[in-house]
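Everything on this sheet refers to the single structure shown next.
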Amino acid sequence: MDMNYRVNPKNNDKLSILGFGCMRFAKSEKEVEEQIIYAIENGVNYFDTAYIYPNSEAILGRVLAKGYRERVKIATKMPPYLIKKYEDFDKIFYQELQRLQTDYIDYYFMHMLTDINIWDRLIDIGILKWIEEKKQKGQIINIGFSYHGGRDEFIKLIDAYHWEFCMIQYNYLDENNQAGKSGLKYAAAKGLPVMVMEPLRGGKLVTNLPREVYHVWEKAYIKRSPAEWAFRWIWNHPEVTVVLSGMNSLEMVKENIRVASESEANSFTEDDEQLFSEVRRILQEKIKIPCTGCNYCIPCPMGVDIPTCFSCYNDREIEGKLSAIGKYIMQTSFKTKSHNASLCSQCGKCEIHCPQKIAIRDELTKVSKAMEGFYYKPARYLIKRFMKL
C-alpha cells in the first residue's frame, strides 16, 4: 500500500493525507509505540498532539526519539486559556519541546479558538512578537490555529493574521456546521493547508447511528464500513490536506492506512453522492431545526450566533444531551461576549433573511429552554473566571 500525500501550498511539505491524532492513545505505551512506528513505516508523517492531552506529548516524544523525529512533522498546540502574561508563552512552549524531545515544532497551533476575541487577547499580551521570535530561531516552522466556532468568526480569524495553516471540524454531517464547507473553501482559496479533525464525530458516525443509515451502507454498490465511507467523503475534497484519526489499535492503524492509500480527491461518482444524500436525509429527519448554516440570518443585533445555537440543539438528537450541551456552552459562552440563544430580543430581523423560512425566534426560545438550564450561568462564570476574560 502506498500512502497518498497532498502538498502544503505554503511550503511544499508533502503531508500524508492520514494524520495520527494523539489525543487518546492506547493504555499500553508499548502498543502505542508499535502503532506509531507501523504508521511511520507505512507512510504516515503527520502527528498531532497538544499541551493539554494527558501524557501525549511525552509518549510521542519518547517514540520519535528512537530515530524517527526527522521522518515526521509534529503538530502541537498552545492553550490560550492558560496564557495570562507574556512569560507564559515560553513556559508552556519550552515544556512542550522538552516533552517532545525536539528543538522545533513543524506545525504549531493556537489551540481551540472560538472567536476573534481570544486571538485579540493574545495579541494584547504579545503573541505576535513571540511568534516572530520563535520563527526567527527556527523553533516554530509553521503557525496556525484550530477552530471550534461558527463560520463568520472563522472568516474573521483567517483574515486577522498571515496564518500558515488551520484546522477545522469537518465531516459529511457537519458540511454546513461550524466553519463548514464555505469556510474550508475560503481557507483553501487563501492558500492555507486545512487539517480536519473529528472526521467521524468522535465515533458517532460509526456507532449508534439510526438503523436506516446502516441499511444504506449495507445496500451500497460496494461494501465499505461507515468509517471508510466517512473518511473517503472528506478525502474527496481537494481543499483538505490532512485528516486526523485518533487511532488506538494496530488494526485501526492498518485499516485507515489502507483506506488512505486508496482515496483520491474528486473521485466520487454519482452513486457515491446519492448514498450520502440518502444518509443525510435520514439523519436530518432526526433533526429538530432545518437550518443549513447559510448564515443569512446573522449578524444578530443582540449578538446571537443563530446557526451555532441551532447546530448544537440539533446535535442532541444525534450525539445525546450531555455532549450537545457541553458543545453549546463552549461555542456560545467560551468568549469575551456571549452569543447564546436567550439573548434574543425577538426583533425578527433574522427571519426576513432565512431561506428556509424558519421561525427563528420561536426556535431560539426552544433552544434557550433546552440548552440553558441551571448549569449554564455557573459554567459560563467558571470559564470566564478561569480564563480571566
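Here's the yes/no breakdown for (1) touching a residue at least 12 places away in the same chain (Cβ under 8 Å); (2) under 20 Å from the mean Cα position of the chain (by Cα):
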| position | (1), (2) |
| --- | --- |
| VAL279 | yes, no |
| ILE282 | yes, no |
| GLU285 | no, no |
| CYS291 | yes, no |
| CYS294 | yes, yes |
| CYS300 | yes, no |
| ASP305 | yes, yes |
| PHE310 | yes, yes |
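Checked against the criterion of being open to solvent by less than 40 Å² (accessible area, probe 1.4 Å), within 24 Å of LYS321 (Cα to Cα) and of a type outside the set (Ser, Thr, Tyr), the candidates ILE234, ILE282, ILE287, ILE257 yield just one match: ILE282. Looking across region 83-101, just one residue is surrounded by 20 or more Cβ atoms within 10 Å (Cβ to Cβ) and part of a loop (DSSP other than H, G, I, E, B), and that is ILE83. Within the option set ASP124, ASP48, ASP115, being in the same structural domain as LYS254 (by the TED database), charged (D, E, K, R), free of Cβ contacts under 8 Å to residues at least 24 places away in the same chain and under 30 Å from ASP152 (Cβ atoms) holds for one residue only, ASP124.
Which residues, taken from region 237-254, are surrounded by fewer than 18 Cβ atoms within 10 Å (Cβ to Cβ) and in a helix (DSSP H, G or I)? Hits for region 237-254 are LEU250, GLU251, MET252, LYS254. Filtering region 129-183 to residues that are farther than 21 Å from ASN117 by Cα and under 16 Å from the mean Cα position of the chain (by Cα) leaves TYR170, ASN171, TYR172, LEU173, ASP174, GLU175, ASN176, LYS181, SER182. Applying the condition of being open to solvent by less than 10 Å² (accessible area, probe 1.4 Å) and among the small types (Gly, Ala, Ser) to region 39-72 and asking which residue is nearest to TYR104 (Cα to Cα) yields GLY61.
Only residues that are outside any helix (DSSP H, G or I) and surrounded by fewer than 11 Cβ atoms within 10 Å (Cβ to Cβ): list them for region 345-372, please. Result: GLN346, PRO355, LYS357. Residue count for region 346-362 satisfying the condition of being touching a residue at least 40 places away in the same chain (Cβ under 8 Å) and either over 17 Å from PRO301 (Cβ atoms) or of a type in the set (A, V, I, L, M, F, W, C) (or both): 7.
Of the residues that sit in region 117-143 and are basic (Lys, Arg) and more than 21 Å from ALA75 (Cβ to Cβ), which one is least open to solvent (accessible area, probe 1.4 Å)? The extreme case among them is ARG121. Only residues that are in contact (Cβ under 8 Å) with a residue 12 or more places away in the chain and either of a type in the set (Asp, Glu) or open to solvent by 30 Å² or more (accessible area, probe 1.4 Å) (or both) were counted in region 211-223, giving 3. Of all residues in region 161-185, those satisfying the criterion of being open to solvent by 40 Å² or more (accessible area, probe 1.4 Å), closer than 21 Å to CYS291 by Cα and not charged (D, E, K, R) are ASN176, SER182. Considered as a group, the residues in region 1-38 that are surrounded by fewer than 20 Cβ atoms within 10 Å (Cβ to Cβ) and under 18 Å from the mean Cα position of the chain (by Cα) include one that is nearest to VAL240 (Cα to Cα), and that residue is MET23. Select from region 314-344 the residues that are in a helix (DSSP H, G or I) and open to solvent by less than 30 Å² (accessible area, probe 1.4 Å) and list them in ascending order. Those that are in a helix (DSSP H, G or I) and open to solvent by less than 30 Å² (accessible area, probe 1.4 Å): ASN314, ASP315, ALA324, ILE325, TYR328, ILE329, GLN331, THR332, SER333, ALA341.
A count restricted to region 255-302 and to residues that are part of a helix (DSSP H, G or I) and hydrophobic (A, V, I, L, M, F, W, C) stands at 8.
The values are calculated or read from the model by the stated rules, or taken from the named source; none is laboratory data. A quick note: this is a predicted structure, and the numbers were derived from the prediction, not measured. Methodologically, a virtual Cβ is constructed for each residue, glycine included, from the backbone with ideal geometry; neighbour enumeration extends over all protein chains shown. Please note that ligands, DNA and RNA were not included when accessible areas were found on the heavy atoms of the full protein model with its side chains. Shrake-Rupley method; radii C 1.70, N 1.55, O 1.52, S 1.80 Å.
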